[in-house]
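Take a look at the structure set out below.
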Amino acid sequence: MRLDKHSSIPLYAQLRELLVEQIQDGRYKPGDRIPSELTLCEELDLSRPTVRQAIADLVADGILVIEKGKGTFVAKEPERFVIEHFNALTFSFLNFDTYEGVGLKPIKLMEPDPELDRMFKFPPDKPHPGYWVVEWPLQIDHEILGICSSYVPVQIFPKLGQSISAGKRMVDIKSNKYAMLPQKGSLNVLARPAKNKEAKALNIPRRTFILAIEGPLFSRSGHVCEVLRVALRPDLVQLEMN
């Protein structure tokens, strides 16, 4: 193994890419121990700070893990929580049979928002009372896997906030509203860097990539009745679609 000391690319970056290539090629498999810092220094004629910087970068990226007193290892694939039969209604609040045990945050009333107004196709020149914002975490054993947000027009469910605060059952909340409940959706699934609020809620570093699910849900008549915005940790969650 040799690195190009005359290259404009820093040596720590070259070493980082070399280790990544060796992991991808199968030389080092998940759970394998990589050579020690001293070994890498001697084999590649590198300084200790250079090697440490390369390893620190790979640890920060989740590619390597350091076990104190044992060494540095290729990270193992984490066990992911599988969301089976994922579809447009999986995270729909209006599709819930019950919200007991979900961990709903206090429901909020949101003023009209231009982006949401476009999704709900509300005329810009026609005032409306805004949206209920229902938020809850997706968590297993106190581990936050994702955060879910549902936006419901007040004009469709004018008493939703009061009903939830009073602990009213979903069957009663949805009574006489079945024509306005979601039947299908048009969701975008996108990998993107987490926004600051999402990173804080998910307990991950800023700009870490997440799986974002966003889009409108439609009632039987084809009108938008709910908009979803979901942020999931791809290292902890796996979506299974049929």
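Just give me the residues in region 227-242 being under 19 Å from H85 (Cβ atoms) and either part of a strand (DSSP E or B) or under 11 Å from the mean Cα position of the chain (by Cα) (or both), in sequence order.
L228, V230, L232, P234, L236, V237, Q238, L239
Return a yes/no flag: does region 181-189 have any residue that is over 26 Å from the mean Cα position of the chain (by Cα) and more than 28 Å from E79 (Cβ to Cβ).
Residues of region 181-189 over 26 Å from the mean Cα position of the chain (by Cα): none.
For region 181-189, residues over 26 Å from the mean Cα position of the chain (by Cα) and more than 28 Å from E79 (Cβ to Cβ): absent.
How many residues does region 123-138 hold that are assigned to a loop (DSSP other than H, G, I, E, B) and either touching a strand residue (DSSP E or B) at 6+ places or on another chain (Cβ under 7 Å) or in contact (Cβ under 8 Å) with a residue 24 or more places away in the chain (or both)?
First pass over region 123-138, keeping only residues assigned to a loop (DSSP other than H, G, I, E, B): 123-130.
Among the residues that remain, those that are also either touching a strand residue (DSSP E or B) at 6+ places or on another chain (Cβ under 7 Å) or in contact (Cβ under 8 Å) with a residue 24 or more places away in the chain (or both) are: 128-130.
Residues that pass the stated criteria total 3.
State the number of residues belonging to region 227-242 that are over 18 Å from A194 (Cα atoms) and surrounded by fewer than 20 Cβ atoms within 10 Å (Cβ to Cβ).
Qualifying residue count, region 227-242: 4.
Return the residue satisfying two criteria in turn: it lies in region 209-226 and is among the hydrophobic types (A, V, I, L, M, F, W, C) and under 15 Å from S150 (Cα atoms), and of such residues it is surrounded by the fewest Cβ atoms within 10 Å (Cβ to Cβ).
Per the criteria, the residue is F218.
Determine whether region 103-117 contains at least one residue that is out of contact with any strand residue (DSSP E or B) (no Cβ under 8 Å at 6 or more places or on another chain) and under 20 Å from L181 (Cα atoms).
Among the residues of region 103-117, at least one is out of contact with any strand residue (DSSP E or B) (no Cβ under 8 Å at 6 or more places or on another chain) and under 20 Å from L181 (Cα atoms), which makes the answer yes.
Being surrounded by 14 or more Cβ atoms within 10 Å (Cβ to Cβ) and either within 16 Å of the chain's Cα centre (by Cα) or small (G, A, S) (or both) is the filter here, so list the residues in region 115-149 that pass it. I'd like the intermediate steps shown before the answer.
Of the residues in region 115-149, the ones surrounded by 14 or more Cβ atoms within 10 Å (Cβ to Cβ) are 116-117, 119-120, 122, 128, 130-139, 144-149.
Listed by number, the residues that qualify are G130, E135, W136, P137, L138, Q139, I144, L145, G146, I147, C148, S149.
Here's a check for you: in region 67-101, which residue that is of a type in the set (V, I, T) and out of contact with any helix residue (DSSP H, G or I) (no Cβ under 7 Å at 6 or more places or on another chain) is farthest from Q22 (Cα to Cα)?
So the residue we want is T90.
Every read-out reported here was derived from the displayed coordinates using simple, explicitly stated rules and does not represent laboratory data. Small disclaimer: the values here were computed from a predicted structure and weren't measured. FYI the Cβ positions are ideal-geometry reconstructions off the backbone, even for glycines, and counts take in every protein chain you see.
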